[in-house]
Amino acid sequence: MSKVTNICTVKILHVGTLEVRKPTLKICDISLINQIADAQVEFDNEIEIRRSVLAAQGKAFCAGANFNDPARQEQEAREKSDPASSLGQINHLYIQAVRIFRNKKPIVAAVHGAAIGGGLGLAVSADFRVTCPEARFAANFTKLGFHPGFGLTATLPELVGKNNAELIFYTSRRVTGEEATRMGLANVCVPQDQVRAEAMKLAQEIAECSPLGLLATRATMRAGLADRVLAATNHELAEQTRLRATEDFKEGVKATEERRVANFRGR
């Protein structure tokens, strides 16, 4: 077992398990996404690992981005002070996210709780999702006065279809684990206390297949995905940066913190 600040990895019988152990609701920040990407590179380089499970401790799977993340605030300050700054060159959370999409081996996400905003993007980065009725999937960006991110404008329509993706984006509604399974956002729905075990079961089933055949087939099925996510995140970041300066964004964040309906004014 190797342990870092926010995650822990375990390797058993050709399956690597990556468990997020960040405190509270496991906020999706640059450090966490970088550590997840690093762990997946480690699994890719480990010949005995054929498949991995992405899971989390506690109540939530991943509760979205942290707008108070110091690294994120420093990043935004640099963008404002340097007109020559390029969105494609900065060390932003989404650059780390694209690294996750470039991994070589299949991933099963065990989504036992809330996967919100960037947390939904993280869940969707996996090949498969095992969930439960209590789980909630949400792209709550528009409720924040914001634009979707983490490549979701590219990845979500491929899973649930364009119109379902539009429904999720435009309403910011929370989709239950059962609804997610029906629309193709999740693959399996089991009782909450069985999510991790079911994810491991699926991972073991895949790990029994030829590792070379598996790598080749996955590369074919996900050909170009990371590049599509990169293009999407570049556009998403530009829109998020623009909208973050609006009064509506400030109101959306405040209303969410105060658990009330936002009073948006379109400015």
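Remark: the residue 47-residue 221 segment gains 60.5 nm on full extension, using 0.36 nm per residue and subtracting the alpha carbon distance. Oblate is the label for segment 87-223. Its Cα gyration tensor axes, ordered a ≥ b ≥ c, give a/c of at least 1.5 and b/c at or above a/b. Measuring r between the beta carbons of residue 259 and residue 231 and using R0 = 45 Å, the FRET efficiency lands at 0.80.
Spin-label pair residue 242-residue 57: with each label point 7 Å from Cα along the Cα-Cβ axis, the two points sit 4.2 nm from one another.
Taking every lysine pair in the chain that is 8 or more places apart or spans two chains, those with Cα atoms closer than 16 Å amount to 8.
A 1.4 Å probe run over the protein chains yields, for the chain, 48 Å² of accessible area per residue, whole-number rounding. Ligands, DNA and RNA aside, residue 127 has an accessible area near 30 Å² when probed at 1.4 Å. Residue 14 contributes an accessible area of around 60 Å² to the protein surface, as traced by a 1.4 Å probe with all chains present. Within the listed set 189, 209, 62, the Gaussian network model of the chain (springs between alpha-carbon atoms below 10 Å) gives the highest mean-square fluctuation for 209. Solvent-accessible area of residue 158, all protein chains in place: 110 Å² (probe radius 1.4 Å, heavy atoms, ligands and nucleic acids excluded).
A straight chain from residue 192 to residue 205 at 0.36 nm per residue would run longer than the Cα-Cα distance by 2.6 nm.
When all protein chains stay in place and ligands, DNA and RNA are ignored, the 1.4 Å accessible-area order of 222, 99, largest first, is 99, 222. Ligands, DNA and RNA left out, the accessible area of the chain computed with a 1.4 Å probe is 54% carbon and sulfur.
The values are calculated or read from the model by the stated rules, or taken from the named source; none is laboratory data. Small disclaimer: the values here were computed from a predicted structure and weren't measured. No Cβ is skipped: glycine too gets one built from the backbone with ideal geometry, and neighbour counts run over all protein chains shown. Note: areas computed on protein heavy atoms with side chains; ligands, DNA, RNA excluded. Shrake-Rupley method; radii C 1.70, N 1.55, O 1.52, S 1.80 Å.
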